[in-house]
1. Would you list, by chain and number, the lysines whose Cα falls below 22 Å from the Cα of Lys106, excluding same-chain residues fewer than 8 positions away?
2. Where does each of Val128, Val37 land when they are ranked from fewest to most other beta-carbon atoms within 10 angstrom?
3. Calculate for the chain the 222 nm mean residue ellipticity that helices alone would give, adding -39,500 (n - 2.57) per DSSP H run of length 4 or more and normalising by residue count, nearest 500 deg cm²/dmol.
4. Give me the percent relative contact order of the chain, please, defined on Cα pairs under 8 angstrom at least 6 residues apart.
5. Please report Rg over Rh for the stretch 10-127, where both radii come from the alpha carbon positions and Rh follows the Kirkwood definition.
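Each value in this text was obtained by applying a stated rule to the coordinates, not by laboratory testing. No experiment lies behind these values; they were computed from the predicted model shown. Glycine gets a Cβ as well: all are built from the backbone with ideal geometry, and neighbour counts include every protein chain shown.
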Amino acid sequence: MEQEQTNNKKILVIEDEHFIGELYTRALNKNGYTVKVIADGIEALKECQTDRYDLILLDLMIPNMTGFEILNKLKDPSTTSPVHAKIIITTNLEQRDEIKKEIEKKADAYLIKANLTPNELVDFLSQVK
């Protein structure tokens, strides 16, 4: 019998694809994470700024404010107070190398969703300190 683990980490999943959000939520809950999913960029930025999360999974293509814009605002001390969560970009967009390098300077990790099962995501997140 499988037993749920507890790790007390809180994750904000910023994802507009309902199915992906559900897959991530199930896998993360099963491994003891507390998860909140937000599909709207403006609402997501406000939630990020509460600084209540250990990890933020940030999709780049979301409505009303892109993940790029959210990342830039979160990393700009003149527009927002510091957020202590690790920010992990989750996308299916292949970026040109220079854009990817720019994103990686600001984010803590960059993952291609299509290359990752929900369980592999959980394994990856368990390594993030």
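1. Lys9, Lys10, Lys46, Lys73, Lys75, Lys86, Lys129
2. Sorted ascending by nearby Cβ count, the order is Val128, Val37.
3. Helices in the chain give a 222 nm mean residue ellipticity of -11000 deg cm²/dmol.
4. Working: 199 pairs, mean separation 28.9, N = 129.
With pairs under 8 Å counted, the relative contact order is 22 percent.
5. That ratio is 0.93, to two decimals.
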